1. Looking at Ala84, is it in contact (Cβ under 8 Å) with a residue 12 or more places away in the chain and farther than 19 Å from Ala156 by Cβ?
2. Tell me, yes or no, whether the range 84-102 has at least one residue that is surrounded by fewer than 24 Cβ atoms within 10 Å (Cβ to Cβ), of a type in the set (S, T, N, Q) and more than 24 Å from Leu145 (Cα to Cα).
3. Is there any pair linking a residue in the range 128-155 that is within 17 Å of Gly7 (Cα to Cα) to one that is of a type in the set (Lys, Arg), with Cβ under 6 Å and at least six apart or on different chains, and which?
4. Just need a number here: residues in the range 28-44 that are in contact with a strand residue (DSSP E or B) (Cβ under 6 Å, 6 or more places away or on another chain) and open to solvent by 50 Å² or more (accessible area, probe 1.4 Å).
5. Let me confirm something: among Thr74, Thr47, Thr116, which residue is at pLDDT 95 or above, of a type in the set (Ser, Thr, Tyr) and under 26 Å from Leu206 (Cβ atoms)?
6. What residue, of Ala118, Ala100, is in contact with a strand residue (DSSP E or B) (Cβ under 7 Å, 6 or more places away or on another chain) and in a helix (DSSP H, G or I)?
Amino acid sequence: MTPDFIGVLAATRLLAVIRGGGAGVAAAAGAALLDEGVRVLEVSLTTPGALDAIAAIRAAAPAGSLVGAGTVLTEADVADVAAAGAQFVVTPAVVESVGAAARRGLPVAAGALTPTEAYTAVRMGAAAVKLFPASLGGPAYLKALRQPFPHLPFVAVGGVGLAELPGYLAAGAIAAGVGGPLVGDAASGGDLDALRERARAFLAALAVTS
């Protein structure tokens with residue numbers, strides 16, 4: 001049975017965003033993150049061979065993990081990532097893939113910045129709102145955005161590093177999506193040991209803020 005997307009996100013509070021240089025290195029980065037205890041991973045479709053990477057990471061993922069696809073824009077993209085085994089979809093904006101994924105029963109974290117976009121995304125079937133780029137307004141903007149939408153699950157993405165993480169969680173994000181500050185160049189063939197160290201640092205920071 002597929003784990004509950006919002007439940008796992010809220011429990012783990014970290015979404016690792018993998019943008020890599022190829023399927024093999026992206027999958028290796030994903031496997032290292034899973035080994036360290038990261039439980040929600042997104043592979044961006046901007047990664048060459050992203051569908052193969054998703055399939056490979058899914059095959060290695062322990063029970064309770066979620067492996068999804070990011071930068072999903074079109075209905076065709078949704079069909080492709082579903083066939084590869086993606087368990088959720090992430091978009092950079094309010095685009096046609098939101099409704100297409102929702103109709104398939106694939107949970108969607110839809111990219112939105114404004115109140116109108118956030119509301120529209122949920123009306124289209126999004127399970128969560130990806131506040132992107134979160135760094136544009138920071139935690140204070142997220143806190144203000146949540147005032148009219150206190151029950152919407154927000155995931156802060158874009159410019160969220162180790163130092164910024166506690167602020168977004170305190171402002172009400174159920175989780176943060178982290179790419180470069182966590183994955184670095186590991187998904188393009190960089191140092192996997194350094195990736196593991198960063199993963200441990202993020203998980204330790206989350207343990208302190210729980």
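The values are calculated or read from the model by the stated rules, or taken from the named source; none is laboratory data. Because the structure is predicted, anything quoted here is derived from the model rather than measured. No Cβ is skipped: glycine too gets one built from the backbone with ideal geometry, and neighbour counts run over all protein chains shown. Surface accessibility is based on the protein's heavy atoms, side chains included, excluding ligands, DNA and RNA. Shrake-Rupley method; radii C 1.70, N 1.55, O 1.52, S 1.80 Å.
1. Yes: the conditions hold for Ala84.
2. Yes.
3. If the second residue must be of a type in the set (Lys, Arg), the pairs left are Val155/Lys130.
4. 0
5. Answer to the check: Thr47.
6. Ala118
Residues checked against (1) out of contact with any strand residue (DSSP E or B) (no Cβ under 8 Å at 6 or more places or on another chain); (2) assigned to a loop (DSSP other than H, G, I, E, B):
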site: Leu162; (1), (2): yes, yes
site: Pro166; (1), (2): yes, no
site: Ala173; (1), (2): no, yes
site: Ala187; (1), (2): no, no
site: Gly190; (1), (2): yes, yes
site: Arg198; (1), (2): yes, no
site: Val208; (1), (2): yes, no
